[in-house]
Amino acid sequence: STLIRHGIVARTDALLDRARKVLRFFGVASPTAFEATWLRPRVSFKRSQAYTVHSPNTALWLRLVERYSQNLGVTAEYNASRLRKAATRIPAFTTMPTQAGFEAAQAALAEAGVALVFVRQVPETRVCAATWWVDDRPAIGITERFRKPDIFWFSVLHEIGHLLHHAKRETFLDLESDKEESAANDSQPETEANEYAESVLFPGSGKRRIAEAKTRADLLFLAADLHLGVAIVAGQHGHLTGDWRTGGSLRTSLTDEDLEHLELLSQGAG
């Protein structure tokens, strides 16, 4: 389970010992305090109407984001102008192997006072990413939801969009949802964060040129011309056109090795 993998409890622990360790992990003294501290005021987010989200598991994922962001040891104060500059570097990072690109993004965001961490999704949460303020600094948490590099990097920029354009210290938890339902119910902040991510990845005529691509070779040439990872261009082409076959083999997936290395980087052991 997630609790065992992250060393919060041991497989051999008795039930009472597990309960005590979990409460200590969350920094509370009782189940009532856990509910008051984590489930009511702190885990407030746009909930998909189509799906049931497990709030305690969501709190667990957020607490892991909090813990690993603290362990990264980011010391710079949050600076929006530096974050904006760091965001402009992310398209170049998408051309690297995911592990190297993520490490570069961590370093760039740390200079702006932002901790970027990867924490695998916890069952029944449907979390893609979150913006979460920890010790007066923002943390961005990313999961492997769908295991696609284009979704992974778009999520990073989406969360940066929240930090740059929305209220300070507000928590944004972005969940997977049905596309039609999401389009109908997305709040203005979600729409603005999406538009920001698109503007960074596909400035100018980028989206139009990707939508007009007809062949696999077109997408490869565009990736080089737009200075973007091939998987990013292929994913955007599918999203814009509904044609997932032309660039399907270019979209690739995050591997188990990728996920393990992203975890190590997020735990300060990379």
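Points worth noting:
The rows are residues; the columns are (1) under 19 Å from Pro138 (Cα atoms); (2) among the aliphatic types (A, V, I, L, M); (3) at pLDDT below 85; (4) within 18 Å of the chain's Cα centre (by Cα).
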position	(1), (2), (3), (4)
Asp13	no, no, no, no
Thr32	no, no, no, no
Val43	yes, yes, yes, yes
Ser69	yes, no, no, yes
Leu72	yes, yes, no, yes
Glu77	yes, no, no, no
Phe93	no, no, no, yes
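- Region 117-141: number of residues that are crowded, with 22+ Cβ neighbours inside 10 Å, touching a residue at least 60 places away in the same chain (Cβ under 8 Å) and assigned to a strand (DSSP E or B): 8
- Pairs, first touching a residue at least 24 places away in the same chain (Cβ under 8 Å) in region 1-30, second of a type outside the set (Phe, Trp, Tyr), C-beta under 7 Å, six or more apart: Thr2/Leu60; Thr2/Val122; Leu3/Val9; Leu3/Val22; His6/Leu64; Phe25/Ile8; Phe25/Arg63; Phe26/Arg63
- Within region 219-245, being assigned to a helix (DSSP H, G or I) and in contact with a His (Cβ under 9 Å, 6 or more places away or on another chain) holds for Leu219, Leu222.
- Among the residues of region 79-116, just one is assigned to a loop (DSSP other than H, G, I, E, B), of a type in the set (A, V, I, L, M) and closer than 24 Å to Leu226 by Cα, namely Met96.
- The residue list Ala234, Ala183 contains one member that is modelled with pLDDT under 95 and either over 18 Å from Ala92 (Cβ atoms) or touching a Leu at 6+ places or on another chain (Cβ under 9 Å) (or both), which is Ala183.
- Selection of region 71-108 for residues being of a type in the set (S, T, N, Q) and buried (at least 16 other Cβ atoms within 10 Å of the Cβ) yields Thr94, Thr95, Thr98, Gln99, Gln106.
- Within region 225-262, the set of residues being of a type in the set (Gly, Ala, Ser) and open to solvent by 70 Å² or more (accessible area, probe 1.4 Å) comprises Ser249 only.
The values are calculated or read from the model by the stated rules, or taken from the named source; none is laboratory data. Because the structure is a prediction, the values reported are computed rather than measured. A quick note on method: Cβ atoms are made from the backbone with ideal geometry, for glycine too, and the neighbour counts reach across all protein chains shown. The accessibility values were calculated without ligands, DNA or RNA, using every heavy atom of the protein model including side chains. Shrake-Rupley method; radii C 1.70, N 1.55, O 1.52, S 1.80 Å.
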